[in-house]
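Before anything else, here's the structure in question.
The values are calculated or read from the model by the stated rules, or taken from the named source; none is laboratory data. The model shown is predicted, which means the values in this text are computed figures rather than measured ones. Neighbour counts are summed over all protein chains in view; Cβ atoms, including those assigned to glycine, are modelled from backbone coordinates with ideal geometry. Side chains included, ligands, DNA and RNA excluded: accessible areas come from the protein's heavy atoms. Shrake-Rupley method; radii C 1.70, N 1.55, O 1.52, S 1.80 Å.
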Amino acid sequence: LSLQRRSSDLSSGINAEYGVYNKLVVNLFTLEDEQLRTVGSALIPELSKINHSCDPNCVLSFKGRTAYITAIKDIPKDTELTISYIPLPQSFLARKMQLRSQFNFTCYCIRCEMQRKKGVDEMLMRECPMCKEHSHPAINFEKEELMCPSCGKSLTNSNKVNDLILKNIESFDSTISTRAQQDVEIMNYLVEETEKLIVEKRWEAALRTGLKATVGLMDWAQNYPSTGLFIAKLGKLYLNEEGSSPKVYRDNINRAIQLFDMALKCLSLSLSSDHACFVEVEMMYRQSHDILRKFNWLK
């Protein structure tokens, strides 16, 4: 009897500790430096009270040891403040799976409820291998898979998106920008591929690939700091491309200025003007203008 009691007490203690650990994990925030690089995790009790939404009205950022909640859209009086617990944008099923596996809940925000009501994922575009219909896929909520809205064929394992994108990139297919605007998975893949190419120092390929993602980013993720930082990286790549002639170099500088201007507009929606990320992009913007002045290229 004594042994049973001890075993029961031990089991209760383990369950209690697991419960505390689980609560700790799901309430941790990803801690970023002022260049938006992940440097660790932080437990901030006050911020843990803020709920998730797949269509948030605020974003979380850090400056030093201070966390900031910034509104990214007009918020009516008495409206709940929300942030996203996961990187956005993502497709409906991708969001659902990540929230369930990482935070153990199902989201019922306005965006998710609209997609449940419509029954289609408007952030994806798929071609059915059976009937060749090219449309937004229907969602089978019970099986958690994508289906052709016309013939009902499962689309979850069809369309090797990555292979298709790579083929289009290598052949300089201009339609890939439109596809990235229609399909968030293609857009996210282009962004990831650009980051890899930058690490590999393949500047021209990175620039070519990244530019194809910008239209989709501005449509779906204009309010997020990561979008502004990504576009600024593309501008910086243009600064590295001096070109084969003064005219090419001047054109590259002007393209860089356009991208820096676009990046600053994105960053101004979610970061303060004294944030290190904003300051760095603003400095590159001014330096680009200085180059034009130096060669008397300003119009």
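Please list, ordered by first then second residue, the pairs with beta carbon atoms under 8 Å, 6 or more apart or interchain, first in the range 275-299 and under 28 Å from residue 227 (Cα atoms), second among the acidic types (Asp, Glu) and open to solvent by less than 60 Å² (accessible area, probe 1.4 Å).
Taking only residues 6 or more apart or on different chains, the pairs are 275/34; 276/34; 277/34; 285/261.
Residue by residue through the range 237-274, note down the ones that are aliphatic (A, V, I, L, M) and free of Cβ contacts under 8 Å to residues at least 60 places away in the same chain. It would help to see each step written out before you state the result.
Going through the range 237-274, the residues aliphatic (A, V, I, L, M) turn out to be 237, 239, 248, 253, 256-257, 259, 262-264, 267, 269, 271.
Listed by number, the residues that qualify are 237, 239, 248, 253, 256, 257, 259, 262, 263, 264, 267.
Tally up the residues in the range 210-236 that are in a loop (DSSP other than H, G, I, E, B) and touching a residue at least 60 places away in the same chain (Cβ under 8 Å), please.
Quick first cut of the range 210-236, residues in a loop (DSSP other than H, G, I, E, B) only: 221-224.
When the remaining residues are screened for being touching a residue at least 60 places away in the same chain (Cβ under 8 Å), the result is 221, 223-224.
So the answer is 3.
Just need a number here: residues in the range 126-147 that are in contact with a strand residue (DSSP E or B) (Cβ under 9 Å, 6 or more places away or on another chain), outside any strand (DSSP E or B), surrounded by 13 or more Cβ atoms within 10 Å (Cβ to Cβ) and modelled with pLDDT under 90. Talk me through it step by step, then tell me what you get.
Taking the range 126-147 first, the residues in contact with a strand residue (DSSP E or B) (Cβ under 9 Å, 6 or more places away or on another chain) are 126-128, 133-140, 143, 145-147.
Filter once more, so that each one left must be outside any strand (DSSP E or B): 128, 133, 136-137, 143.
With surrounded by 13 or more Cβ atoms within 10 Å (Cβ to Cβ) added as a condition, the list becomes 128, 133, 136-137.
Checking which are modelled with pLDDT under 90 leaves us with 128, 133.
The qualifying residues number 2.
Which number in (1) at pLDDT 90 or above; (2) open to solvent by 80 Å² or more (accessible area, probe 1.4 Å); (3) part of a loop (DSSP other than H, G, I, E, B); (4) of a type outside the set (A, V, I, L, M, F, W, C) marks the one condition that residue 157 misses?
Going through (1) at pLDDT 90 or above; (2) open to solvent by 80 Å² or more (accessible area, probe 1.4 Å); (3) part of a loop (DSSP other than H, G, I, E, B); (4) of a type outside the set (A, V, I, L, M, F, W, C) one by one, residue 157 breaks only (1).
I'd like to know if the range 93-112 contains one or more residues that are among the small types (Gly, Ala, Ser) and surrounded by 15 or more Cβ atoms within 10 Å (Cβ to Cβ). Give the steps one after another, and end with the answer.
If we filter the range 93-112 for residues that are among the small types (Gly, Ala, Ser), which is where we start, we get 94, 101.
Next, from what is left, pick out any that are surrounded by 15 or more Cβ atoms within 10 Å (Cβ to Cβ): 94.
Yes.
Just wondering, is there one or more residues in the range 200-215 that are of a type in the set (D, E, K, R), out of contact with any helix residue (DSSP H, G or I) (no Cβ under 6 Å at 6 or more places or on another chain) and within 30 Å of residue 57 (Cα to Cα)? Walk me through it before giving the result.
Just the residues of the range 200-215 that are of a type in the set (D, E, K, R), to begin with: 200-202, 204, 208, 212.
Now narrow it down to the ones that are out of contact with any helix residue (DSSP H, G or I) (no Cβ under 6 Å at 6 or more places or on another chain): 200-202, 204, 208.
Checking which are within 30 Å of residue 57 (Cα to Cα) leaves us with none.
Checked against the condition, which is being of a type in the set (D, E, K, R), out of contact with any helix residue (DSSP H, G or I) (no Cβ under 6 Å at 6 or more places or on another chain) and within 30 Å of residue 57 (Cα to Cα), the range 200-215 yields no hits at all.
Let me ask something else. Where residues in the range 248-299 are in a helix (DSSP H, G or I) and basic (Lys, Arg), which of them is least open to solvent (accessible area, probe 1.4 Å)? Step through it out loud before you land on a result.
In the first step, residues of the range 248-299 are kept if they are in a helix (DSSP H, G or I); the result is 248-268, 276-294.
In the following step, the residues that additionally are basic (Lys, Arg) were identified as 250, 255, 265, 286, 293-294.
On the way: 250: 81, 255: 100, 265: 121, 286: 142, 293: 128, 294: 153 Å².
So the residue we want is 250.
The rows are residues; the columns are (1) in a strand (DSSP E or B); (2) within 24 Å of residue 272 (Cβ to Cβ); (3) basic (Lys, Arg).
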| site | (1), (2), (3) |
| --- | --- |
| 42 | yes, yes, no |
| 70 | yes, yes, no |
| 76 | no, yes, no |
| 79 | no, yes, no |
| 94 | no, no, no |
| 97 | no, no, no |
| 105 | no, no, no |
| 115 | no, no, no |
| 152 | no, no, no |
